[in-house]
1. Looking only at segment B:249-273, count how many residues are within 8 Å of another protein chain (Cβ to nearest Cβ) and not in a loop (DSSP other than H, G, I, E, B).
2. Mind checking which helices (runs of 4 or more DSSP H) fall wholly inside segment A:14-121 and carry at least 1 residues that are assigned by TED's automatic domain parsing to the domain that holds residue A:168 and under 29 Å from the mean Cα position of the chain (by Cα)?
3. Out of the residues in segment A:259-286 that are modelled with pLDDT under 75 and more than 10 Å from every other protein chain (Cβ to nearest Cβ), state the one that is surrounded by the most Cβ atoms within 10 Å (Cβ to Cβ).
4. In this structure, does residue B:45 turn out to be at pLDDT 95 or above, more than 30 Å from residue A:187 (Cβ to Cβ) and within 14 Å of chain A (Cβ to nearest Cβ)?
5. Condition first: over 22 Å from residue B:122 (Cβ atoms), modelled with pLDDT of 90 or more, assigned by TED's automatic domain parsing to the domain that holds residue B:264 and not in a loop (DSSP other than H, G, I, E, B). Can you find one or more residues in segment B:168-183 that meet it?
6. Which number in (1) over 18 Å from the mean Cα position of the chain (by Cα); (2) at the interface with chain A (Cβ under 8 Å from one of its Cβ atoms); (3) within 25 Å of residue B:118 (Cβ to Cβ) marks the one condition that residue B:195 misses?
7. Which residue is farthest from residue B:71 (Cα to Cα), if the candidates are limited to segment A:121-132 and must be more than 7 Å from every other protein chain (Cβ to nearest Cβ) and touching a residue at least 12 places away in the same chain (Cβ under 8 Å)?
8. Can you say whether residue A:217 is touching a residue at least 40 places away in the same chain (Cβ under 8 Å), in a helix (DSSP H, G or I) and within 8 Å of chain B (Cβ to nearest Cβ), as far as the supplied structure shows?
């Protein structure tokens, strides 16, 4: 539970030198902020500009002069946006569910219980993390093909359904629960499952938020693997749909393209902003290490 | 003798019943609790199955495939010995992709090791509004890669805002071909990777900076050291291990790049596939339904894996060498 910030006294002093340093700091921060969210704001602004408005060049303004949702209407008319969104959400729900349930169970057994095979399991996790996805995707594709799962959601979901890193995160989280808490529950006669649900799960809330956000983002963002597995357009996720949109003739109007990509970014931003407090807390408490 | 042991045991039991109970309930000897030995296996079976089936087996299988002529749609699969590896040596497209991937890592890693640290140092102190800045810096991490790559594609296009601004200020006379020149395309993709990765690695540094004793900064300030000297002499040594970790992570990340090139350079990966990275090349050679050769693609995959290991070892060497003086 380390506190990330240092004492504020250091910079918020009274002397003019400190004030000047503070102003410089804010100036630098604002400059970097412009770089990090500038492209996103430009994207939003462009998507809201009407047909008559310039996007580039000298006469282009940063804010739309005549905001309209025409580009959004075009995107939904010309491309099955709603279908892509639905498909992306299905992938995210499948992934988040399996990434929450199974790593939690496995992490508990790894950290709290002694059993035959525990050490072997731990090393299997470590070894599996040595292989970057791109270096094993040829084999993964062949395996999915042999299972008859090409061009299906399950085929996209299965290889990444349980990430070793999430098992390790949950293992570290449960290991940090003091023994005394569990002993008290044992004396009360609570069975193993009850202790797991009543004591361990609530203690892991911070890490679970990190796992949920990370796996949601990963599933929403994923491109290469669904691109390999999915063939028919009815199954396309938003990322695939966007790439397709950019290759189509509609991409001649950047407003439409920007509207499409705003749609891809907004849900995930909303999720993140809603959970960010817990997220940064979870990260600070060591879920990331 | 038997009696003595029994009595000693009894004595131990009598002397410390709570200690005994603790060891039964604690993490060390929980196995005794299970009437059914298979309970732990039941809880962990799904994780073990996926980790082994889709994490470890595929690597072994990739190595095996690399000695065959397997086809992505089935068929083939007979043993060809070292043929695929012999073909690698003379395949100029493979070497080009390897060069591109290495170039990517060489440029991106230093930027991703240094810039997020500067960023973390700037937001570590809790001044008013800092939460807003932290969230803003993290926003690109959350945004989808395909979506932001499309934005960058528009920004960097011939008529895009970057070129038109540069022309407006008279810095250039004709637009810079960010997306059609191979080297510039790679550099643009690297810029995108770095831009999107800054916030992610910043988080690691924030956690590391919390462990740098703040007395060091106070002492340095009393000695009259400015922010730059404090950064170089206190912050950098204080987070060296994290820097090493990030060098390895971002290096592996650079070797995995596909989407940036795919979107910025068009589906071909630059003009004539000149800007393709190794994952891009693997996809093109192995998984094309008609002309694909999974066996050869597997050989390229093994090369990618070895390159990844080499990069991690190299980073580790460089990281621990610095520790000597």
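1. Qualifying residue count, segment B:249-273: 5.
2. A:70-78, A:81-112
3. Quick first cut of segment A:259-286, residues modelled with pLDDT under 75 only: A:279-286.
From the residues that got through so far, the ones that are more than 10 Å from every other protein chain (Cβ to nearest Cβ) too are A:281-282.
Details: A:281: 16, A:282: 24.
Per the stated criteria, the residue is A:282.
4. So residue B:45 does not fit the description; no.
5. Scanning segment B:168-183 turns up at least one residue that is over 22 Å from residue B:122 (Cβ atoms), modelled with pLDDT of 90 or more, assigned by TED's automatic domain parsing to the domain that holds residue B:264 and not in a loop (DSSP other than H, G, I, E, B).
6. Exception for residue B:195: condition (1).
7. A:122
8. yes
The values are calculated or read from the model by the stated rules, or taken from the named source; none is laboratory data. Note that the coordinates shown come from a computational prediction; the quantities given were computed from them, not determined experimentally. As a convention, Cβ positions derive from the backbone with ideal geometry for all residues, glycine included, and neighbour counts pool all protein chains shown.
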